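A.B. asks: Structure incoming, see below.
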Amino acid sequence: MEKQQFYYDNKIVRNFLYASIVFGVVGMLVGLILAFLFLFPNLTSGISFLSFGRLRPLHTNAVIFAFVGNAMFAGIYYSMQRLLKARMFSDLLSKIHFWGWQLIIVAAAITLPLGYSTSKEYAELEWPIDIAIALIWVVFGINMIGTIIKRRERHIYVAIWFYIATFVTVAVLHIFNSLELPVSLSGMKSYSIYAGVQDALVQWWYGHNAVAFFLTTPFLGMMYYFVPKVANRPVYSYRLSIIHFWSLIFIYIWAGPHHLLYTALPDWAQNLGVVFSVMLIAPSWGGMINGLLTLRGVWDKVRTDAVLKFFVVAITGYGMATFEGPMLSLKNVNAIAHFTDWIIAHVHVGALAWNGFLSFGMIYWLIPRMTKTKLFSEKLANFHFWIGTLGIILYSLPLYVAGFTQASMWKQFKPDGGALQYGNFLETVTEIMPMYWMRAVGGTLYLTGVIVLVYNVIRTVRQGSPVENELVEAPALAVISPNRLKGEKLHSWLERKPVQFMLLTTVAILIGGLIQILPTILVKSNIPTISSVKPYTPLELQGRDLYIREGCVGCHSQMVRPFRSEVERYGDYSKAGEFVYDHPFLWGSKRTGPDLAREGVKGKPFNGGRDDVWHFNHMYDPQGLNEKSIMPRYQWLIKNELDNSTIQDKMRTMVTLGVPYSEADINNALKHMDEQATKIETNLLANPEIKKSFGKETAAPLKNREIVALIAYLQRLGTDTQVKK
Amino acid sequence: MLKFIKHNLETITGVEIYPIISLTIFFTAFVLFTVWAFTYSKEKIKEISEMPLNDE
């Protein structure tokens with residue numbers, strides 16, 4: 001067959017690599033600021049856009065979608081062209097994909113600090129950006145499928161199966177979790193179309209599978225390409241990789257509910273999630289072992305080659321995180337780990353070791369190849385490896401200790417068994433401050449390593465000469481029948497039919513999603529309603545939106561689990577029926593501070609039940625009330641005037657979503673808000689200190705400030721189901 | 001085990017079939033792709049697994 005000449009597009013790979021490095025530094029730097037905010041809560045005091053609650057989603061989004069996302073695109077664009085012996089389908093689509101993705105990142109970096117957030121984890125971006133993500137993702141998909149179709153290689157290597165699964169599943173996840181109704185087409189604000197339990201289930205179906213199909217499957221594909229490539233030997237078992245692929249994508253999609261154990265989610269969904277999470281260890285470890293054993297016979301190389309060192313720790317990290325995952329899904333382990341820093345340690349083993357180190361290894365291997373030179377300094381790369389590994393250990397180990405300490409203290413009763421030993425939540429925070437210190441040191445070491453990488457890459461690029469288009473030749477693919485050939489096995493046929501293959505993948509991932517999610521959405525009896533639960537008043541709704549804007553959910557849960565220790569501390573455990581008007585749900589997944597589900601209920605021994613003045617002072621200066629508190633100040637809530645221009649639109653949007661506000665409720669919204677706010681203002685001004693500062697002001701009266709709406713919301717929490725005495 | 005799951009599923013009518021369906025689907029799928037993997041010929045497997053090494 002005659003050979004055809006063509007060029008691999010290296011420029012697009014290089015662009016994605018550079019973007020990954022730049023945003024990696026940014027994302028990790030934001031993470032480091034957050035780590036230091038635990039130690040110095042008022043480090044960024046007074047600057048709303050640098051507050052903890054707003055920076056936290058910026059950190060997670062930057063690391064996941066900007067750092068890991070760009071690294072994954074670089075890896076896909078490099079390996080796919082070579083495995084298919086074809087240039088990417090369209091240079092234009094490649095460009096649109098690259099620049100579109102960077103624009104989305106920039107939009108995120110602007111809107112998240114400004115407080116535009118849906119509050120749903122890893123899906124915080126508001127609706128216009130969600131639409132942009134969907135469009136760019138489709139561009140990526142077309143470019144990928146197009147390349148597969150015009151390939152010069154009959155067989156589609158397993159790495160590309162993982163890329164196809166990534167494309168299909170992330171599209172499905174993103175679209176269904178981002179279904180939200182904008183309050184108006186001219187504003188950024190939207191409400192999730194799901195409420196309460198249903199929203200939680202869809203969100204964690206998404207959240208868990210974002211980890212699976214954004215952070216795992218593309219990187220497994222890259223592992224199956226780059227590890228054999230760098231070690232210069234074929235993968236340990238190709239058969240195992242086939243089983244790995246199908247069982248992984250099939251099982252992963254079911255496991256989401258393990259994020260919601262002991263919550264108000266129906267038990268059957270929780271148990272289904274547990275069963276599949278435990279099964280997940282088999283394909284995960286199958287893949288991990290397949291990756292490590294690929295290095296059989298070349299372990300001596302690992303001693304000297306920095307790239308292989310990074311790969312080995314990455315795969316080991318994957319193994320540790322995927323052992324821990326199923327373990328954390330067991331209800332008795334989850335009862336301890338959930339809401340604590342253990343989870344933060346768990347995700348960082350995945351992010352820092354698996355995603356980070358696999359990306360760094362790839363960067364050190366690719367950059368010299370794309371600039372026709374050698375790596376500037378192998379020594380510096382080795383230094384990066386060691387300081388990074390030390391960083392991971394110093395980051396995660398203290399947080400494991402912190403997690404156990406928190407859980408043990410939260411659950412400890414006094415020896416006579418009557419009351420909680422550590423009734424004051426703050427004691428459990430103060431206890432783990434040394435661990436937060438060590439974590440910050442670990443993070444600093446890790447980031448130092450990345451900065452060394454930046455220097456090494458710059459020097460390498462400077463000494464080399466870029467190869468933007470790489471000339472290659474390969475014979476064209478002979479046209480054969482689209483039908484099965486005589487004697488051709490079903491899988492061989494399927495593996496040369498990318499579209500059919502993609503459909504099969506889609507079916508595999510849809511089954512689990514459908515069986516789990518549809519019953520909760522369709523079957524009404526799954527969410528028993530509670531007659532005393534009423535929609536929020538307009539002022540409370542505004543307060544709730546402020547709670548969302550400030551990212552309070554990053555540190556405070558609103559979900560009392562049915563444990564004696566939690567009922568004792570916070571009040572009665574949470575029921576599914578309490579959340580039917582919560583668009584979106586705000587259960588949270590971390591308790592840096594106490595749970596707030598019953599914050600408004602008076603007469604509890606410990607947390608909650610504070611008066612309006614306490615909340616006012618607490619937002620103004622938390623350390624003034626509790627010297628050791630690590631809650632940051634939210635002083636701008638006291639300065640800012642509440643924007644009520646869209647409240648009626650918000651209520652109408654809620655009506656569309658099924659919240660029973662009457663036409664009269666909506667028409668009288670502003671009047672009702674004023675009445676409720678005036679009551680709170682009266683309570684506040686009864687305090688001589690507050691009266692002295694705000695009593696006679698001629699500017700905006702206190703009742704029109706944001707703080708009043710937030711207080712109204714906090715005082716409402718948990719009161720619907722309170723037993724009236 | 002099934003009794004335990006069934007108890008929690010009582011809120012949906014006809015739910016007995018749920019765990020059985022899930023298990024059947026998964027088991028069938030697993031058997032299918034295991035068969036898929038093991039019906040490859042040795043030569044083909046070798047050829048495919050060397051793809052990343054022969055792509056320059």
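A.B. asks: What is the stretch A:422-522 by shape, rounded, prolate or oblate, if you read a ≥ b ≥ c off the alpha carbon gyration tensor as root eigenvalues and call it rounded for a/c under 1.5, prolate for a/b larger than b/c, and oblate otherwise?
C.D. replies: Oblate is the answer for the stretch A:422-522, as a/c is 1.5 or above yet b/c matches or exceeds a/b.
A.B. asks: Sticking with this structure for a sec: Which length gain, in nm to one decimal place, applies between A:R462 and A:Q500 when the Cα-Cα distance is subtracted from 0.36 nm times their residue separation?
C.D. replies: Stretched out fully, the A:R462 to A:Q500 stretch lengthens by 9.1 nm.
A.B. asks: Could I ask something else about it? Only Lys, Arg, Asp and Glu count, each charged at its Cβ (+1, +1, -1, -1), so figure out the dipole size of the protein assembly as shown about its Cα centre, rounded to 20 debye.
C.D. replies: 1680
A.B. asks: Divide by every residue of chain A the summed helix terms, -39500 (n - 2.57) for each DSSP H run of at least 4, and state the resulting mean residue ellipticity at 222 nm, rounded to the nearest 500 deg cm²/dmol.
C.D. replies: -19500 deg cm²/dmol, from helical runs alone.
A.B. asks: Grab the other residues whose beta carbon is less than 9 angstrom from that of A:I193, score K and R as +1, D and E as -1, and report the net.
C.D. replies: Neighbour charge sum, excluding A:I193 itself: -2.
A.B. asks: Per residue of the stretch A:451-458, in order, report the coupling 6.51 cos²θ - 1.76 cosθ + 1.60 (Karplus, θ = phi - 60°) as ³J(HN,Hα) in whole Hz, putting x for Gly and Pro.
C.D. replies: Coupling constants for the stretch A:451-458: 5, 4, 4, 4, 4, 4, 5, 4 Hz.
A.B. asks: For the stretch A:645-658, just list the computed ³J(HN,Hα) in residue order, Karplus coefficients 6.51, -1.76 and 1.60, θ = phi - 60°, integers in Hz, with x standing in for Gly and Pro.
C.D. replies: Those phi angles translate into 5, 10, 4, 5, 4, 4, 5, 5, 4, 4, 4, 4, 7, x Hz.
A.B. asks: On to the next question. D for the stretch A:597-725, whole µm²/s, Stokes-Einstein with Kirkwood Rh over alpha-carbon pairs at 25 °C and 0.890 mPa s: what number?
C.D. replies: Reported coefficient: 151 µm²/s.
A.B. asks: Using only the C-alpha atoms of the stretch A:274-417, find the volume of their convex hull and express it per residue in Å³.
C.D. replies: 127
A.B. asks: Further question on the same structure: Can you list residues whose amide H is under 5 Å from A:L420's amide H, if they're 5+ apart or on another chain and H is modeled 1.01 Å from N?
C.D. replies: A:K414
A.B. asks: Can I ask one more? Could you point to the residue in A:S693, A:M654, A:M673 farthest towards the positive end of the stretch A:582-724's charge dipole, with +1 and -1 charges on the Cβ of Lys/Arg and Asp/Glu respectively?
C.D. replies: Towards the positive end, the residue furthest out is A:S693.
A.B. asks: Also, quick follow-up: Beyond a 26 Å Cα-Cα separation, which of these cross-linked pairs lie in this structure: A:K604/A:K639; A:K639/A:K671; A:K3/B:K46; A:K534/A:K650; A:K650/A:K679; A:K650/A:K671?
C.D. replies: Beyond 26 Å between Cα atoms: A:K604/A:K639.
A.B. asks: Rounded to the nearest 0.05, what FRET efficiency is calculated for A:Q5 and A:L39 with R0 set to 60 Å and r the Cβ-Cβ distance?
C.D. replies: Result of the calculation: an efficiency of 0.50.
A.B. asks: The stretch A:353-491: percent of C-alpha pairs farther apart than 27 Å?
C.D. replies: Here the long-distance tail beyond 27 Å is 56 percent of all Cα pairs in the stretch A:353-491.
A.B. asks: What list of whole percents do you get for P(r) of the stretch A:114-154, with Cα-Cα distances grouped in 10 Å bins up to the one holding the largest distance?
C.D. replies: Going from the shortest bin to the longest, the percentages are 26, 32, 21, 15, 6.
A.B. asks: Give me the one-decimal nm value for the distance between modelled label points at A:L114 and A:R296, 7 Å along each residue's Cα-to-Cβ direction.
C.D. replies: Between A:L114 and A:R296, the simple spin-label model gives 5.7 nm.
A.B. asks: Continuing with the same structure: Assign unit charges at the C-beta atoms only (+1 for Lys and Arg, -1 for Asp and Glu), then state the dipole size of the stretch A:278-374 relative to its Cα centre in Debye, rounded to the nearest 20.
C.D. replies: Here the stretch A:278-374 has a charge dipole of around 460 debye.
A.B. asks: Along the charge dipole of the protein assembly as shown, which of A:V708, A:A314, A:P562 sits closest to the positive end, that is, farthest toward it, with unit charges on the beta carbon of Lys, Arg, Asp and Glu (+1, +1, -1, -1)?
C.D. replies: Value computed over the given set: A:A314.
A.B. asks: Hey, another quick one. Note the per residue figure in Å³ for the convex hull of the C-alpha positions in the stretch A:162-253.
C.D. replies: Spelled out: Cα convex hull of the stretch A:162-253, divided by residues, is 102 Å³.
A.B. asks: R0 = 41 Å: FRET efficiency of A:L510 with A:D643, Cβ-based, nearest 0.05?
C.D. replies: Result of the calculation: an efficiency of 0.50.
A.B. asks: Shape of the stretch A:571-621 from its Cα gyration tensor (a ≥ b ≥ c, root eigenvalues): rounded if a/c is under 1.5, otherwise prolate when a/b > b/c, or oblate?
C.D. replies: prolate
A.B. asks: Apply the Karplus parameterisation 6.51 cos²θ - 1.76 cosθ + 1.60, with θ equal to phi minus 60°, to every residue of the stretch A:140-148 and state each ³J(HN,Hα) to the nearest whole Hz, in sequence, with x for glycine and proline.
C.D. replies: Going residue by residue, I get 4, x, 4, 4, 6, 4, x, 5, 5 Hz, with x marking Gly and Pro.
A.B. asks: If you don't mind, another one. Sort out for me the Cα centre separation of the stretch A:280-296 from the stretch A:68-108, rounded to whole Å.
C.D. replies: Cα centroid to Cα centroid, the span is 27 Å.
A.B. asks: Taking 8 Å as the Cα distance limit and 6 or more residues as the minimum spacing, I'd like the relative contact order of chain A as a percentage.
C.D. replies: Dividing the mean separation by the residue count of chain A yields 17 percent.
A.B. asks: Two decimals is fine: what is log10 I(q)/I(0) at q = 0.24, 0.28 Å⁻¹ for the stretch A:625-676, from a Debye sum with one equal scatterer on every Cα and no solvent?
C.D. replies: Each listed q corresponds, in turn, to -0.92, -1.10.
A.B. asks: With charges set only on the Cβ (+1 for Lys and Arg, -1 for Asp and Glu), what does the dipole of the stretch A:229-314 come to about its Cα centre, in debye to the nearest 20?
C.D. replies: 500
A.B. asks: Place +1 on the Cβ of every Lys and Arg and -1 on the Cβ of every Asp and Glu in chain A, take the dipole about the Cα centre, and give the residue among A:A171, A:G31, A:I548 whose Cα lies farthest towards its positive end.
C.D. replies: A:A171
A.B. asks: Say each of B:T24 and A:L490 gets a label point 7 Å from the Cα, pointing the same way as Cα to Cβ; how far apart are those two points in nm?
C.D. replies: It works out to 1.8 nm between the two label points.
A.B. asks: Two-decimal Rg/Rh of chain A from alpha-carbon positions, Kirkwood Rh?
C.D. replies: Rg divided by Rh gives 0.99.
A.B. asks: Please report how far the C-alpha centroid of the stretch A:156-202 lies from that of the stretch A:536-578, rounded to the nearest whole angstrom.
C.D. replies: The distance from the Cα centre of the stretch A:156-202 to that of the stretch A:536-578 comes to 24 Å.
Quick note: the coordinates plus some simple rules give every number you see, no bench work behind them. All values reported here derive from a predicted model rather than from experimental measurement. Glycine gets a Cβ as well: all are built from the backbone with ideal geometry, and neighbour counts include every protein chain shown.
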